[in-house]
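Right, one structure below, let's go through it.
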Amino acid sequence: MRAAGCDTVVDAKDLAVVGISEIVSHLPKIYGLFNKLIAEADRRHPALAIVIDSPAFNWRVARQMRKRGILVVYYVCPQFWAWRQGRVRLLRKYIDKALVIFPFEEKFYRDRGVDATFVGHPLADLSPPQTDRATYAATTHLDPTKPWITLMPGSRMKEVRMNLSTILESATKLGTQYEFLLPIAPTLDRRFLESLIGSRESIHLVSDALPALAQSRVGIIASGTATVEAALMGTPFVMVYRVSKLTYLLGRPRVKVPHFAMVNLIAGKEVVPELVQHDFTAEKVVARLREILADGQPRNQMLGGLASVRKLLEGTNADHLHPAERAAEAILKLLHQAPVRT
């Protein structure tokens, strides 16, 4: 967005806090950023506001925009279908248009009185990078004779601290016949990851996730967007995740969906194994990985499931537009057709 000319008033990475208990210590900073953003809206008087993801922050932004007569579009809608479904009323009250990126979301929100449109997932048209294995091995100092495994522990420091140690233990148990790629998320610092990895020579930090996934035999992937990226690259993987005990204790009873992994929710069934909280152990990770490392029915079944997820994310694509273009058209249509509020 900055590259496209967006003037950044509040950076989303400053709002990136994982977990219920973890957010408490960050509240003063978050409210300061919130007040800064609203003050800037009062100064600039926008005609329309687009809020993206981050529901705890953005529904409050939407409420303030609505009070000021500003049209509000929610892009990448809150996952209220997963938990706290009663909060859909906030969308009905404060949102003029919801643009959703998962196919099952449109019906969920429309059934509850929200004007929602599925525009497709922004990553749906991703294709594997056209880099051959030998070239990639040379640039990343990997052994091309060994199978590679991508490790993606998350994009925030807190979740990396919670997930990476068990992922690294899993890598150790898998042994020296494999090499491991750990893409550096844009939100993370290389030195931070190096401090957690230590002297493990089989772990290679790489700059981009997609080539790593495309070239890897399998992956160990933390719950989140990375699971969608792995599916689109056609890389079989095991989904893992851990939060603090308090966050899990408070949050688990509120979860209303049968799966944690987004690819499983999209498919409506278990495509990839989910190892969450107490089930997330190195022994279980290794056991599930071994099922899909070798050629055979389990691996082929997962590959077929991942391919079906890609088709669902693409939608019908009758207009031949990229999801971002489809979203932009919906936003411009609302801006041109909606009456001016006073």
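The values are calculated or read from the model by the stated rules, or taken from the named source; none is laboratory data. In this text the structure is predicted, and so the values were computed from the model without any measurement. Every residue, glycine as well, gets a Cβ built from its backbone with ideal geometry; the counts of neighbours run over all protein chains shown. Keep in mind that these areas ignore ligands, DNA and RNA; they rest on the heavy atoms of the full protein, side chains included. Shrake-Rupley method; radii C 1.70, N 1.55, O 1.52, S 1.80 Å.
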**Study point:** Top-ranked residue of region 301-341 - restricted to ones that are of a type outside the set (A, V, I, L, M), more than 21 Å from S216 (Cβ to Cβ) and crowded, with 16+ Cβ neighbours inside 10 Å, ranked as modelled with the highest pLDDT
**Key:** R326
Check your understanding: Taking region 1-27, which residues are at pLDDT below 65 and not in a loop (DSSP other than H, G, I, E, B)?
Key -> V24, S25
Review point. In region 91-130, how many residues are open to solvent by 40 Å² or more (accessible area, probe 1.4 Å), under 16 Å from I50 (Cβ atoms) and under 21 Å from the mean Cα position of the chain (by Cα)?
Key: 1
Exercise for review: Just one of (1) farther than 30 Å from D96 by Cα; (2) loosely packed, with under 13 Cβ neighbours inside 10 Å trips up P298, so point out which.
Suggested key: (2)
Practice item. Give the residue, chosen from A39, A62, A56, that is farther than 30 Å from K311 by Cα, touching a strand residue (DSSP E or B) at 6+ places or on another chain (Cβ under 6 Å), in a helix (DSSP H, G or I) and of a type in the set (A, V, I, L, M, F, W, C). Key: A62
Check your understanding: If you go through region 147-183, how many residues are open to solvent by 30 Å² or more (accessible area, probe 1.4 Å) and of a type in the set (A, V, I, L, M)?
Key -> 2
Exercise for review: Would you be able to say whether some residue in region 127-148 is modelled with pLDDT of 95 or more and within 26 Å of E274 (Cβ to Cβ)?
Suggested key: yes
